[in-house]
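None of the figures in this text is laboratory data; all of them are computed from the coordinates on show. This structure is a prediction, so every number in the text was calculated from the model and none was measured. Glycine also receives a Cβ, built like all others from the backbone with ideal geometry; neighbour counts cover every protein chain displayed.
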Amino acid sequence: MIIFPAMDLYQGDVVKLEARQHKQVETVYGKPAQIAERWLGMGAEWLHVVDLNAALGEGSNLPVLHVIQARAAMTGAKIQWGGGVRDDAVLRAVLEAGAERAIVGTKAIRDWAWLVEAATRHPEQVMVSIDGKGREVMINGWQASAGVDAVEFIAKANALPLAGYLYTNVAVEGRGQGVDWTPVRDIVETATKPVVFSGGVTTIQDVVRFKELGAYGIIAGSALYKGRFDFSAAKALAS
């Protein structure tokens, strides 16, 4: 299992947004190059980077991808990049800038035909982000229900040449109160492609349980930045 350190970019900084509305910066952790070198120096194999400005329709941090990629290339690490990937031009730009995977969310959920075309053009490089309250898929920055069941969507999407799925439980994301395990087993059992989980990862015991359940990877943000568990120790357990 892979531990993905999270890097959320806003106005050129790595930040944490407040947990309820996800619209205001709560903490600034540092500059992307500095933070990337920190995790890469500890042996990170992947970095999970989200462009919050692009996700919110307030600009883009895409030039930062070149900076991070240059550092990742020195250790052989890879980058998965999301936030605001809603059309072919941005998808191509992200991949051409050096990301191994581009993460698509609302667009993938709402436009099946587009997802089929995107996955076909970029096999094994498109990861679908599924933001859920349990199995209920949320869209538009977690503000609206898509009227879609996460497990049913995954069962249908398994036929596409996707890189995998990123499931974020938005009911617990960023709150440091633990994982809601209810949908995890259903999603792992349904998916025939790698599943990365995010939301509520708080303790080293969470790492162990995700591995036992068969997760391909987990994204750790606040728990790492606040020192709730050590990245090296988590990586060793995951391996």
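Things worth noting here:
- Charge dipole (debye, nearest 20) of the range 1-149; +1 at Cβ of Lys and Arg, -1 at Cβ of Asp and Glu: 140
- Counting every pair of alpha carbons in the chain, the share spaced more than 26 Å apart comes to 31 percent.
- HN-Hα J in Hz across the range 197-202 - Karplus 6.51, -1.76, 1.60, θ = phi - 60°, x for Gly and Pro: 10, 9, x, x, 5, 10
- Taking a straight Cα-Cα cut-off under 17 Å and skipping sequence neighbours fewer than 8 places away in the same chain, the lysines within cross-link reach of K156 are K107, K193.
- Largest GNM mean-square fluctuation across V179, V28, V85, computed for the chain with C-alpha springs under 10 Å, falls on V28.
- Each label was represented as a point 7 Å from its Cα along the Cα-to-Cβ direction; for E96 and R209 these points are 4.4 nm apart.
- In the elastic network of the chain, a GNM with C-alpha springs shorter than 10 Å, the most mobile of W46, W81, W112 is W112.
- Solvent-free Debye calculation, one equal scatterer per alpha-carbon of the range 64-136: log10 I(q)/I(0) at 0.17 Å⁻¹ equals -0.63.
- Just checking the listed ones, L213, L62, L95: in the Gaussian network model of the chain with Cα springs under 10 Å, the one fluctuating most is L213.
- Under 5 Å, built H, 5+ apart or other chain: amide partners of V148: V137
- Rounded to two decimals, the Cα-based Rg/Rh of the range 109-239, with Kirkwood Rh, is 0.98.
- Straight-line cross-link partners of K31 among the lysines, defined as a Cα under 25 Å from its Cα and at least 8 positions apart when in the same chain: K16, K23, K78, K226, K235.
- Summing charges over all other residues whose Cβ lies under 12 Å from the Cβ of D87, with Lys and Arg as +1 and Asp and Glu as -1, gives 0.
- Mean separation of Cα contacts under 8 Å (6+ apart) over length of the chain, as relative contact order %: 18
- The local environment of E117, defined by Cβ-Cβ distances under 12 Å, has a net charge of -1 under the rule Lys, Arg +1 and Asp, Glu -1.
- CD proxy at 222 nm, helix term only [per DSSP H run n ≥ 4: -39500 (n - 2.57); per residue of the chain; nearest 500]: -10000 deg cm²/dmol
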